[in-house]
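Structure, as structure tokens:
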Amino acid sequence: MIRALALSLLFTVCATGARAEEPATTLAPLIGCWRGVFDGNSGIHDERCFEPMLAGRHVRDTHFVRPTAYGGETIYSSDNTSDALVFSYYASDGGFARGVFRADGQALVFDAHTYVGPDGRFQYLRSRWTIEGADRFVVTSEVERDGAWRPWGRITYTRAEPSSR
């Protein structure tokens, strides 16, 4: 009887405990489509669209790097077991990454995570997405090399109409 009561209390606490914010709420400023220009290489751009899915419980982010054939899809979700926001990224070349992110004022911070390329090699990456207004955000990424974080890339995004892909 005591064990059943303890389990019942445990399930009640878990069911009513703090939950991670829904991704559609955290990512609301980014819902829609964007065009990103790579610093130092204006000939390449990233077409990216964010859309809520499954009643806002998840957000889908598809992107295509033009004029290349490379692209990918990220699904952002709440991990209610750890009260965290998480992402899973799948690249068109077979690479993938999973990690945790959080809101920090007007920015989204993607903690250090491992990207595994199609050849099985991996890189440790982290990034900060700074929202600079309703129509602009900047992604600054770093890669870990030889035990130190080094700049890896910077992309400035502005709102755009959806492309035909």
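Read the figures in this text as sums done on the coordinates, not as results from a lab. Everything quoted here is computed from the prediction, not taken from an experiment. Quick reminder, even Gly has a Cβ in these numbers, built from the backbone with ideal geometry, and neighbours come from all protein chains shown.
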(message) I want to check the label-to-label distance for ARG159 and ALA28. Put each point 7 Å from Cα in the C-beta direction and report it in nm to one decimal.
(response) 1.5 nm
(request) Springs between alpha-carbon atoms under 10 Å, Gaussian network over the chain: tell me which of ALA103, ALA112, ALA69 tops the mean-square fluctuations. (result) ALA69
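What per residue convex hull volume, in Å³, comes out for the chain when only alpha-carbon positions are used? Provide the component values of the computation, followed by the final result.
On the way: hull volume 26.5 nm³, N = 165.
Value for the chain: 160 Å³ per residue.
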(request) Taking amide H positions as placed in the peptide plane 1.01 Å from N, state which residues far from ILE31 in sequence (5 or more) or on other chains have amide H under 5 Å from it. (result) none
(request) Return the tail of the calculated pair distribution for the range 96-151, meaning the percent of Cα-Cα pairs more than 14 Å apart. (result) 58 percent
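Place a +1 charge on the Cβ of each Lys and Arg in the chain and a -1 charge on the Cβ of each Asp and Glu, then give the dipole magnitude about the Cα centre in debye, rounded to the nearest 20. Write out the running numbers ahead of the final one.
On the way: 18 positive and 20 negative charges, 26 e Å.
Around 120 debye, computed over the chain.
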(message) What's the magnitude of the charge dipole for the range 20-83 around its Cα centre, counting Lys and Arg as +1 and Asp and Glu as -1 at the beta-carbon? Answer in Debye, nearest 20.
(response) 280 debye
(request) Kindly write out, for the range 95-105 in residue order, the coupling ³J(HN,Hα) from the Karplus curve 6.51 cos²θ - 1.76 cosθ + 1.60 (θ = phi - 60°), rounded to whole Hz, with x marking Gly and Pro. (result) x, 7, 8, 9, x, 10, 9, 8, 7, 9, x
